[in-house]
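The values are calculated or read from the model by the stated rules, or taken from the named source; none is laboratory data. Fair warning: this is a prediction, and the values are worked out from it, not measured in the lab. Using ideal geometry, Cβ is built from the backbone for each residue, glycine included, and neighbour counts are taken over all protein chains shown. Please note that ligands, DNA and RNA were not included when accessible areas were found on the heavy atoms of the full protein model with its side chains. Shrake-Rupley method; radii C 1.70, N 1.55, O 1.52, S 1.80 Å.
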Amino acid sequence: VLSWRYGMNVPQLAEYLKNHKVSFEIIEEQGHFSALDSGNNAQAKTKDMVKTLMLWVDGNMSMMLLPSNMHIDFEQFAHAVEAKVVRMASENEFHMCFPETELGAQPAIGNLFELPVYIAKPLSRHKSIIFNGGNHHDLVKMHWSDFKALVNPIIVNQGFNKKMNSSYTGKTIISHFH
């Protein structure tokens with residue numbers, strides 16, 4: 001496992017996937033800056049495009065992976081993972097974890113960086129998933145079964161919705177679990 005302190009670029013990610021005998025495809029993009037933009041313009045289905053959110057869950061930096069057309073509901077998510085405090089990580093906080101990646105383009109392979117990975121259940125029903133490869137012009141496509149075996153994500157049944165406005169108000173969410 002690479003230390004999260006050292007980050008990873010696309011060739012390192014590809015090498016890691018090859019070493020773990022994972023089938024994957026690199027899709028070259030035109031520099032889109034959101035998961036939905038990438039999914040709409042990639043040679044793939046938008047529903048397979050993963051949006052990676054960086055969160056603090058009870059004081060631990062974590063990844064939350066959502067379909068690109070969904071948003072997090074922080075209160076429901078905190079309840080689902082039995083967390084007391086959940087908040088969005090600032091760009092400065094999470095960029096330190098991925099210094100060799102472009103801001104907001106961190107790969108969804110959080111275990112490489114010693115980060116827990118939560119994933120919205122709808123993504124677990126897909127044949128494949130697509131995520132940023134460390135920059136805003138390379139996407140990685142891989143089979144869900146390979147991703148699941150490699151990352152061992154925590155599948156979350158609630159805490160996300162398709163509404164364009166999430167429950168996030170810029171405040172820390174404190175759940176009722178103690």
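I'd like to know if region 59-68 contains one or more residues that are touching a residue at least 24 places away in the same chain (Cβ under 8 Å), over 17 Å from P107 (Cα atoms) and open to solvent by less than 10 Å² (accessible area, probe 1.4 Å). Spell out the reasoning first.
The initial filter retains those residues of region 59-68 that are touching a residue at least 24 places away in the same chain (Cβ under 8 Å), namely 59-68.
From what is left, the residues that are over 17 Å from P107 (Cα atoms) are 59-60.
With open to solvent by less than 10 Å² (accessible area, probe 1.4 Å) added as a condition, the list becomes none.
No, every residue in region 59-68 fails to be touching a residue at least 24 places away in the same chain (Cβ under 8 Å), over 17 Å from P107 (Cα atoms) and open to solvent by less than 10 Å² (accessible area, probe 1.4 Å).
Among the residues of region 117-149, write down those that are more than 14 Å from the chain's Cα centre (by Cα) and assigned to a helix (DSSP H, G or I).
If the condition is that a residue be more than 14 Å from the chain's Cα centre (by Cα) and assigned to a helix (DSSP H, G or I), then R125, S145, D146, A149 are the ones that fit.
Identify, from the list S128, S124, S145, the residue that is in contact with a His (Cβ under 7 Å, 6 or more places away or on another chain) and under 17 Å from D48 (Cα atoms). First the steps, then the outcome.
Values: S124 fails: in contact with a His (Cβ under 7 Å, 6 or more places away or on another chain); S145 fails: in contact with a His (Cβ under 7 Å, 6 or more places away or on another chain).
Result: S128 is the single residue among S128, S124, S145 that is in contact with a His (Cβ under 7 Å, 6 or more places away or on another chain) and under 17 Å from D48 (Cα atoms).
Name the single residue, out of those in region 117-137 being out of contact with any Asp or Glu (no Cβ under 6 Å at 6 or more places or on another chain) and within 18 Å of K18 (Cα to Cα), that is most open to solvent (accessible area, probe 1.4 Å). Quick ask: steps written out before the conclusion?
Step one: list which residues in region 117-137 are out of contact with any Asp or Glu (no Cβ under 6 Å at 6 or more places or on another chain), which gives 117-125, 127, 131-134.
Adding the requirement that they be within 18 Å of K18 (Cα to Cα) leaves 131-134.
Numbers: F131: 0, N132: 23, G133: 1, G134: 5 Å².
Here the residue is N132.
For region 104-116, which residues satisfy the criterion of being open to solvent by 10 Å² or more (accessible area, probe 1.4 Å) and either outside any loop (DSSP other than H, G, I, E, B) or more than 15 Å from K51 (Cβ to Cβ) (or both)?
First, the residues of region 104-116 that are open to solvent by 10 Å² or more (accessible area, probe 1.4 Å): 104, 111, 114-116.
The answer is N111, E114, L115, P116.
Quick check: is even one residue across region 95-117 of a type in the set (F, W, Y), modelled with pLDDT of 85 or more and at negative phi?
Applying the first criterion (of a type in the set (F, W, Y)) to region 95-117 yields 98, 113.
After this cut, where a residue has to be modelled with pLDDT of 85 or more as well, the list is none.
No, because not a single residue in region 95-117 is of a type in the set (F, W, Y), modelled with pLDDT of 85 or more and at negative phi.
Can E100 be described as under 18 Å from N161 (Cβ atoms) and more than 14 Å from the chain's Cα centre (by Cα)?
On the way: under 18 Å from N161 (Cβ atoms): no; more than 14 Å from the chain's Cα centre (by Cα): yes.
For E100, the condition - under 18 Å from N161 (Cβ atoms) and more than 14 Å from the chain's Cα centre (by Cα) - is not met.
Mind listing just one residue for me: the one in region 150-161 that is assigned to a loop (DSSP other than H, G, I, E, B) and open to solvent by 20 Å² or more (accessible area, probe 1.4 Å) and, of those, nearest to A108 (Cα to Cα)? Quick ask: steps written out before the conclusion?
Within region 150-161, the subset assigned to a loop (DSSP other than H, G, I, E, B) is 152-153, 157-159.
With open to solvent by 20 Å² or more (accessible area, probe 1.4 Å) added as a condition, the list becomes 152, 157-158.
Numbers: N152: 12, N157: 19, Q158: 19 Å.
Restricting to residues being assigned to a loop (DSSP other than H, G, I, E, B) and open to solvent by 20 Å² or more (accessible area, probe 1.4 Å), the top hit is N152.
Consider only pairs whose beta carbons are under 9 Å apart and that are at least six residues apart or on different chains; among these, list those whose first residue lies in region 83-99 and is under 20 Å from G133 (Cα atoms) and open to solvent by less than 50 Å² (accessible area, probe 1.4 Å) and whose second residue is among the polar types (S, T, N, Q) and part of a loop (DSSP other than H, G, I, E, B).
As it stands, the answer is F94/Q106; C97/Q106; F98/Q106, since those pairs meet every condition given.
Which of the numbered conditions does K47 fail, given that it passes all the others? Conditions: (1) open to solvent by 10 Å² or more (accessible area, probe 1.4 Å); (2) closer than 23 Å to S145 by Cβ; (3) at pLDDT 90 or above.
Failing condition for K47: (3).
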